[in-house]
Every structure is written in C-alpha cells, then in structure tokens.
Amino acid sequence: MAKGDDHYPPLFETKPAKGIVPFRLFSASIFISICFIMVYRVNQMPAKEEAALLGRKWAWIGMLLAELWFSLCWILNVVVKWKPVYRYTYKDRLSQRYDEEVLPGIDIFVCTADAMVEPPSMVINTVLSVMAYDYPPEKLSIYLSDDGCSDLTFYALLEVSRFAEQWLPFCRKFKVEPRSPEAYFQRASDQVEDSAMASEWTSIKKLYEDMKARIETTTKLGRIPEEIGKQHEGFRKWDFVSSRQDHQTIVQILIDGRDSKSVDIEGQPLPTLVYLAREKSPKYHHNFKAGAMNALLRVSSRISNGPIILNVDCDMYSNNSESVRDVLCFFLDEEKGHEIAFVQFAQAFDNLTKNDVYSSSSRLICEVELPGLDSYGGPCYIGSGCFHRRECLCGKKYSKSIYKEEWKHSRLKMEESASVLEELCRVLANCSYEDNTQWGKEMGLKYGCPVEDIITGLAIQCRGWKSIYYNPERKGFLGVAPPMLLQSLVQHKRWSEGDFQILLSKHCPLLYGYKKIPLPLQLSYCQYMLWAPSCLASLYYFVVPSLCLLKGIALFPEMLNPWVIPFVYIFFGNRLYSLGEYLCYGGTFLEWLNDQRMRIFRRSTSYLFAFFDNILKLLRITKSSFIITAKVVDDENVSIRYEQELIEFGATSPMFTILATLALLNAFVFAVGLKRLVMDDHQTFAANPFALQMILCGLLVFINLPVFRGMFFRMDKGRIPTSTTFQSITLALVACSIILY
Ligand SMILES: O=c1ccn([C@@H]2O[C@H](COP(=O)(O)OP(=O)(O)O[C@H]3O[C@H](CO)[C@@H](O)[C@H](O)[C@H]3O)[C@@H](O)[C@H]2O)c(=O)[nH]1
Ligand SMILES: [Mn+2]
C-alpha cells in the first residue's frame, strides 16, 4: 500500500468470540429455571398458620431475597459475557506505514511505595524490562515514582543507569525475551547453544548478578554505605529527609536522553531515566498511587511530554518487547484510532502455582469478561499494564482531533540543563501544587477511592472516549500474585470496597454514565461494584439452610418433587458450565475447584469487611487506607508451602475466624444430618425433604476440607493457629445450640 493512499488496511482487527450460541441457549435455559424458582418460592411461601415453625416463614423470605440477588448478579454476568470480542494487531503494516522518526514518544511510569515490601532488586527488573522495549530509545522516557523515598531504591536505579549500557545492546543483538534480566536468566539458564552468544551471555549474566548482589547487600543493610554515597551527588538529598512521610521533593535525572553523551556501549542513545520522590507532608493527604501518578504526569510533561503513557506497577515487568508497537496499532489506526483513550493489557502473573491455589489469575475475567466489556467499547483501566493517551488522562473531552500531527511536534525542545530541569520539576511534585486545582478531580487520576484505576477509567469513558482490551497470546506483562491467603483476601477487600464505594458515590455508573456510555457497559461495571454487598446473600446461603436443617425446617423441595429440577439444574448446570469454561481456556479441574473455594472465601470475608467498612466510611467513622500487597516472602518455608499449594493461614485474623467458623458449623450440621438419615431408615433419601440442604451442606464441607486440614491435621507454621480453632469451635457450637434450644 502506497503512502498517501486514503484507504489503508486497518492496523488492528476485532473478532467476535466463537461458541456464543451455546452460551446464549444455556443462559436462556437458566433464565427459565430462575423463573420457576421464583414461582415456587412465592407459591409455596409458608402460611401464617404454620406458626409452629415461626422461623420458617422468615427463613423462606430470606431464601427468596438471596435468590433474587443471585439472579440479578447472574443477569449482569450474562450481559458482560454476551458478545466478547478479541483484538489482533498488524505490526508489519504499522512499520510499513510509519517511519521510525514519526513515531510518538512514550513516557513510562513505574510506581513503587516501600523498599521493604517491594525490594529494589525487583523494581529494577521492571525498569530494565521497559527500558529495553524494541522502540527508538530516544523516544522512551522512564520515570520511577518512589513513595517510599528510599535511597536504597535510588541507589538501585543508579545501578540500572549503568547496567543498561550493556543490557540494552545485548537485548537488541540477541532479540532477548523477556527483557527483565531476572526472568530472562531464570528461564534461559541452560538454553544458550549459540556459541557467538555464549561468551557475551556469561559475561552479562555475571554483570547482572554482581549488580543484584550489591543492591541486595544495601537492602539488607538498610542504608547506603559511605563509599557508595560518594558515587553520586544525588545521595546528598537524603540528608534532608527526616522521614518517609515528611520530606521535600527529590527529582533526579539519571539518564538525560537529550545528552549526546548518554549512549550505550554500542553508541546508541539510551532512554531517559528519572527518579522521583514527590514531596510528602503530614499536612497533606498523599492519595496513594493516584497522587504518585499525578505528580508523574506533571513532572514528565516538563521533561519529555510523551503523548502516550504506560503505567506499570513495580512488580509487573514487560514480557514482550514489542508491546509498544502493538499499542500503536490501536492508537494510530486511521479509522478508529482517534477515539481510543487507553489500551489495557491483560494482567498475568509469573508466580502462580500449577493449580493457582488462590485463584489469582482471574481466568474468566481475563478471558471472557474483559473481552465482553470491550465489545461495549469500555474495558476498565485496571492499574498496571495500561497505555494511555496523555491528554485523556489529563481530563480532555473526546473530540475528533488531529492528534497525529500534534504528536510529531509534541517533543519539547528543552534548552535547560538537567539540573535546572530538576529544579523546575521539583515545584510540580510539591504537595501545595495541587491546591485549588482540578488535579485529582477532573485532571489526572481521581482521588479518594481505593480503586483509583477503575474510577479514572470510567470517568475517561464518560467523557466520550473508548478503550481497548488487549490479551495477546504472549502476555504483555507478568506480575507477582500474593503468595499468602490473607494478602489475597485483603487485596480483594480493597478492590471490592473501592468498587462498592463508586456505586454509592456520584460516580455510580448508572447515574454518572447515563447517556454517556452504553447501558450494557453501565451494567457491566455494576457487576463488579456489587461484589461487596453480595456477601449478605452468600453468607445467608452458607449458613441459614444448614441451621434450618438442624432445626428441622425444610427450605427446598424434596428430590421426588418436580420443583426440585430448576434448583438442581441451576446449581449443577452453572458449576459444570464454569468448569467447562475453565478447561476451554487452559485451566485445570483443580484450578477450577480452587477458584470455587476462593469465591466462597472472598464472599464470606473480603466482601463482608469491604461492605461494613464502606458503611462506616459513609458514616464518616473511618477513612480510606491502602494496604500495599507484599511482593516477596522472607520465610523460605512459606514459599515451599506455596509451591505445594498448601493454603497459608499462619496468622490470627478475624477473616480466618470467620472461615473456620463457617466450615465447622457446616460440618456439625452435616454430621447431625447424616446421623438422622441413618437412624430414620423408614424414609428414603429421595423423599427426605432435607435432601437438598444436606447436599448443599455437604458440598460446603467438601470445599472447606483445606480449612479442616489447617485446623486439625497440619503441624507446619502455616496451619490455623490453635487459638483461632478454639474460638471458631466455640462460635460454631454456640450458633448451633441457640438454634436447637
Ligand atoms: O501509596 C502508594 C501505594 C501504592 N503505590 C503503588 O501502587 C501499586 C499497586 O499497589 P499493590 O499493593 O501492588 O496493589 P495491587 O492490588 O497489586 O494493585 C492493583 O490494584 C490497585 C488498586 O487497588 C491499582 O492501583 C494497581 O495498579 C493494581 O495493579 C504498586 O506499584 C505500589 O507501589 C504507590 O505508588 N503509592
Ligand atoms: Mn500489585
């Protein structure tokens, strides 16, 4: 295709998912079953005369409400999955159509917040992986935001600025993948057959390992030794840092891309590399990651002002050096590119166990649900691995602009020296800079929400922009999933709490998005925002049918009654269907089972706490917090248990008390139920009015087997603490006795 031709072939393609018809038929059958259940619940409502079992009527109404709630959630889920689409890019067409010099500059923001929880040796691997993108280096600028304001992290970045001189040419020459040295050397440990490569490989590996050792030594030491402190004048700025929560802005341009002396060992230019620790003061709320991102937006606009911004968390390295080019296929597409605000990559993880014990991969969300949102033009911004157009992040409303022309000239011609520039940037990252401005409201990432990413993405879409979800075969980014149960539950608490908060705020998708984004997209957002309140219906289902079984109150039809069919069909049909989906998308049976368990765990703990914390926040009793997810485990035994897929309890936590109590309660009831079944031999199981309650209870016991193991059959440190076990036994027994007497 000749340049200048009006009709270009598209740079990307969108394909609808296959196998949609079976899904829709299945959904229709579930819908009919739901209707039957509702009819049954209403028709068979216990009459007042049955006063002998006063509780029965209330329990029944509760079942009806819970089932109505589940039906609502199910409908939202069907909307989400109705017509997923998948995206494919044509990078060859991109390179044919655009010369390297007209490609836009890319600013890459890496966020870190705590040198202990997020070790510098991990952070630098993320930084190196994005520095080594297959893209003109003079167009790349990498900014590390350090909310921990740690000279250890600064030192690690200083090491990076030197190591990059060797690493980048090495990656280019041998087309290395992935370009995080740690991940690369781990995977390629004995892969080098190429003798030309072998010697360079060995020497660069040694360089990397020496650097890593130096960084880890300082991290262990907890401070910078004097001889290192002399290596760079930047360290002197820490003389004025009194604490992490109270210090001035530190900006350090470690590699100045404009400087003709900033070259690697082959004489090629190096990307710009900047360290930023924004000012912190007890007088100002720092707004967590959103605050960091907004400071980065301003500082980068002064230094490189790239029209495209990539945001990655410090634990998520780039796994594909061509991702930038993939993204440009979306943004530079002649027909659709102008309306796209951001491209969100699928989030994948490096440290999952074989069957993903804590269900961190969110397989169905990644493979089906986000592609579903994509079909409505609006997959969410989920934090890490997202490319934005700068102007969209800064609050611009959609209009058909001539941005590609603007991009060519966007690069500021800066005459200032690096140190003058640093001074100018300091002001931009000061707390008071945002006073009486729209930052955190209509500009940049929004403040005040634990999921700043979701709310900001929604706001961008409501300004008329579209977004893209991209989930290529070779994952664009690989991160670290929480290796302990409690961390995973706390992370989900933060997410569900943030989502629910949005629902209750003026940003509720149904109001805020009204007439701005399509209705199905509004509803899709709601699916996630209803996670937290779902705890009520779920807990009801985990507890009440069992307690009623104990009390002798039947809540379901008996097995021989035809009304049982919709109940059984919905329950087992949905489970089987989701198992099918797991297997289709490359999961295993055990992974699916783990996911089912984690759903129950999250609903009874994370969502519950999120729900009540939100209520407290509404009443202004508590304030938002952000618990950073730990990325490493110090204890080797914990890692070993994680590899063995043994669930890690190990600590006392109200969350574990709830899990253990629920498990025990169902176990007691199941035992009593079994005894009654055996004693009552004149009644068959099929005619027994409690059959379904027994099955439900039995399944809950089965899915909780690891909890029992953790209480009674494990000796290691990851077991459930004895005090928690005793508490839970007491609670469960008290609950049962209250019901019985
Ligand atoms: O005060 C803070 C707190 C966190 N972070 C950074 O934010 C990122 C995410 O924190 P993490 O504890 O890893 O949270 P996750 O739950 O793993 O993160 C997901 O969920 C968050 C919202 O809850 C989003 O901000 C993230 O991008 C998204 O990946 C990390 O790089 C942190 O360094 C800061 O920069 N400043
Ligand atoms: Mn994270």
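The values are calculated or read from the model by the stated rules, or taken from the named source; none is laboratory data. From a predicted model like this one, the values you see are computed outputs, not experimental measurements. Here the Cβ is made from the backbone with ideal geometry for all residues, glycine too, and neighbour counts use every protein chain on show.
Could you count how many residues in region 94-125 are within 16 Å of ligand 2 (Cβ to nearest atom) and among the aromatic types (Phe, Trp, Tyr)?
Total meeting the criteria: 1.
Of the residues Ile640, Ile621, Ile615, Ile627, which is farther than 20 Å from Phe708 by Cβ and within 16 Å of ligand 1 (Cβ to nearest atom)? Steps first, please.
Values: Ile640 fails: within 16 Å of ligand 1 (Cβ to nearest atom); Ile621 fails: within 16 Å of ligand 1 (Cβ to nearest atom); Ile615 fails: within 16 Å of ligand 1 (Cβ to nearest atom).
Just a single option satisfies the conditions, and that option is Ile627.
Kindly list the number of the only condition in (1) modelled with pLDDT of 95 or more; (2) surrounded by 22 or more Cβ atoms within 10 Å (Cβ to Cβ); (3) within 28 Å of the chain's Cα centre (by Cα) that fails for Lys631.
Evaluating Lys631 over (1) modelled with pLDDT of 95 or more; (2) surrounded by 22 or more Cβ atoms within 10 Å (Cβ to Cβ); (3) within 28 Å of the chain's Cα centre (by Cα) leaves (1) as the failure.
Residues in region 129-143: is at least one closer than 18 Å to Arg214 by Cβ and either away from ligand 2 (no atom under 16 Å from the Cβ) or more than 19 Å from the chain's Cα centre (by Cα) (or both)?
Within region 129-143, the subset closer than 18 Å to Arg214 by Cβ is none.
Within region 129-143, not a single residue is closer than 18 Å to Arg214 by Cβ and either away from ligand 2 (no atom under 16 Å from the Cβ) or more than 19 Å from the chain's Cα centre (by Cα) (or both).
Might you check whether a residue that is away from ligand 2 (no atom under 16 Å from the Cβ) and under 24 Å from Ala183 (Cα atoms) occurs anywhere in region 280-298? Working first, answer last.
Filtering region 280-298 for residues away from ligand 2 (no atom under 16 Å from the Cβ) gives 280-287, 291, 294-298.
Still in the list and also under 24 Å from Ala183 (Cα atoms): none.
The answer is no; no qualifying residue exists.
Among the candidates Ser95, Ser29, Ser71, which residue alone is assigned to a helix (DSSP H, G or I) and in contact with a Gly (Cβ under 8 Å, 6 or more places away or on another chain)?
The unique qualifying residue is Ser29.
Determine whether region 160-173 contains at least one residue that is within 24 Å of Lys289 (Cβ to Cβ) and not in a strand (DSSP E or B).
Taking region 160-173 as the starting set, the residues that turn out to be within 24 Å of Lys289 (Cβ to Cβ) are 160.
Adding the requirement that they be not in a strand (DSSP E or B) leaves 160.
Looking for residues that are within 24 Å of Lys289 (Cβ to Cβ) and not in a strand (DSSP E or B), one finds at least one in region 160-173, hence yes.
Each row is one residue, and each column tells you yes or no for (1) away from ligand 1 (no atom under 16 Å from the Cβ); (2) modelled with pLDDT of 95 or more; (3) in contact with a Leu (Cβ under 9 Å, 6 or more places away or on another chain).
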site: Pro371; (1), (2), (3): yes, yes, no
site: Lys397; (1), (2), (3): yes, no, no
site: Glu406; (1), (2), (3): yes, no, no
site: Ser410; (1), (2), (3): yes, no, no
site: Glu416; (1), (2), (3): yes, no, yes
site: Leu424; (1), (2), (3): yes, no, no
site: Gly440; (1), (2), (3): no, yes, no
site: Ile468; (1), (2), (3): yes, yes, no
site: Leu478; (1), (2), (3): no, yes, no
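May I ask you to list the residues in region 299-330 that are within 16 Å of ligand 2 (Cβ to nearest atom) and assigned to a loop (DSSP other than H, G, I, E, B)?
Hits for region 299-330 are Cys314, Asp315, Met316, Asn319.
Test of understanding: among Pro483, Pro472, which residue is under 19 Å from the mean Cα position of the chain (by Cα) and within 14 Å of ligand 1 (Cβ to nearest atom)? Working first, answer last.
On the way: Pro472 fails: within 14 Å of ligand 1 (Cβ to nearest atom).
After applying the criteria, what remains is Pro483.
Could you tell me which residue of region 270-298 is surrounded by the fewest Cβ atoms within 10 Å (Cβ to Cβ), considering only residues that are assigned to a strand (DSSP E or B) and within 14 Å of ligand 1 (Cβ to nearest atom)? Walk me through how you get there before you give the answer.
Here is the first cut: in region 270-298, the residues assigned to a strand (DSSP E or B) are 272-277, 280.
Among the residues that remain, those that are also within 14 Å of ligand 1 (Cβ to nearest atom) are: 275-277, 280.
Working: Tyr275: 24, Leu276: 27, Ala277: 29, Lys280: 20.
If we take residues in region 270-298 being assigned to a strand (DSSP E or B) and within 14 Å of ligand 1 (Cβ to nearest atom), then Lys280 is surrounded by the fewest Cβ atoms within 10 Å (Cβ to Cβ).
Mind listing whichever residues of region 257-288 are over 26 Å from the mean Cα position of the chain (by Cα), polar (S, T, N, Q) and under 26 Å from Cys149 (Cα atoms)?
Once the filter is applied, which keeps residues that are over 26 Å from the mean Cα position of the chain (by Cα), polar (S, T, N, Q) and under 26 Å from Cys149 (Cα atoms), region 257-288 yields Ser262, Thr272, Ser281.
Answer yes or no as to whether Glu216 is more than 22 Å from Ala113 (Cα to Cα), more than 16 Å from ligand 2 (Cβ to nearest atom), outside any loop (DSSP other than H, G, I, E, B) and in the same structural domain as Ser129 (by TED's automatic domain parsing). Quick ask: steps written out before the conclusion?
Details: more than 22 Å from Ala113 (Cα to Cα): no; more than 16 Å from ligand 2 (Cβ to nearest atom): yes; outside any loop (DSSP other than H, G, I, E, B): yes; in the same structural domain as Ser129 (by TED's automatic domain parsing): yes.
It is false that Glu216 is more than 22 Å from Ala113 (Cα to Cα), more than 16 Å from ligand 2 (Cβ to nearest atom), outside any loop (DSSP other than H, G, I, E, B) and in the same structural domain as Ser129 (by TED's automatic domain parsing).
Here's the yes/no breakdown for (1) over 30 Å from Leu740 (Cα atoms); (2) touching a residue at least 12 places away in the same chain (Cβ under 8 Å); (3) within 28 Å of the chain's Cα centre (by Cα):
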site: Pro16; (1), (2), (3): yes, yes, yes
site: Ser27; (1), (2), (3): yes, yes, yes
site: Ile34; (1), (2), (3): yes, yes, no
site: Ile37; (1), (2), (3): no, yes, no
site: Arg41; (1), (2), (3): no, yes, no
site: Met45; (1), (2), (3): no, yes, no
site: Trp58; (1), (2), (3): no, no, no
site: Gly62; (1), (2), (3): no, yes, no
site: Val80; (1), (2), (3): yes, yes, yes
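Which pairs turn up if I take residues in region 162-180 that are assigned by TED's automatic domain parsing to the domain that holds Leu270 and surrounded by fewer than 20 Cβ atoms within 10 Å (Cβ to Cβ) and look for partners that are part of a helix (DSSP H, G or I) and charged (D, E, K, R) with beta carbon separation below 8 Å, at least 6 apart in sequence or on another chain?
Lys173/Glu200; Phe174/Glu200
When you go through Ser505, Ser578 one by one, which is the residue that is more than 20 Å from Ser71 (Cα to Cα) and under 29 Å from the mean Cα position of the chain (by Cα)?
On the way: Ser578 fails: more than 20 Å from Ser71 (Cα to Cα).
Selected residue: Ser505, the only one of Ser505, Ser578 that is more than 20 Å from Ser71 (Cα to Cα) and under 29 Å from the mean Cα position of the chain (by Cα).
Counting only residues that are within 15 Å of ligand 1 (Cβ to nearest atom) and either closer than 16 Å to Leu393 by Cα or of a type outside the set (Asp, Glu) (or both), how many does region 301-323 have?
Residues of region 301-323 that are within 15 Å of ligand 1 (Cβ to nearest atom), as a first pass: 309-318.
Retained after the next criterion (residues that are either closer than 16 Å to Leu393 by Cα or of a type outside the set (Asp, Glu) (or both)): 309-312, 314, 316-318.
Of the residues in that region, 8 qualify.
Which residue is farthest from ligand 2 (Cβ to nearest atom), if the candidates are limited to region 615-630 and must be among the hydrophobic types (A, V, I, L, M, F, W, C) and assigned to a loop (DSSP other than H, G, I, E, B)? Spell out how you get there, then give the answer.
Taking region 615-630 and keeping what is among the hydrophobic types (A, V, I, L, M, F, W, C), we get 615-616, 618-619, 621, 626-628, 630.
Adding the requirement that they be assigned to a loop (DSSP other than H, G, I, E, B) leaves 619, 621, 626-628, 630.
Values: Leu619: 30, Ile621: 28, Phe626: 11, Ile627: 11, Ile628: 8, Ala630: 9 Å.
Looking at the filtered set, the residue picked out is Leu619.
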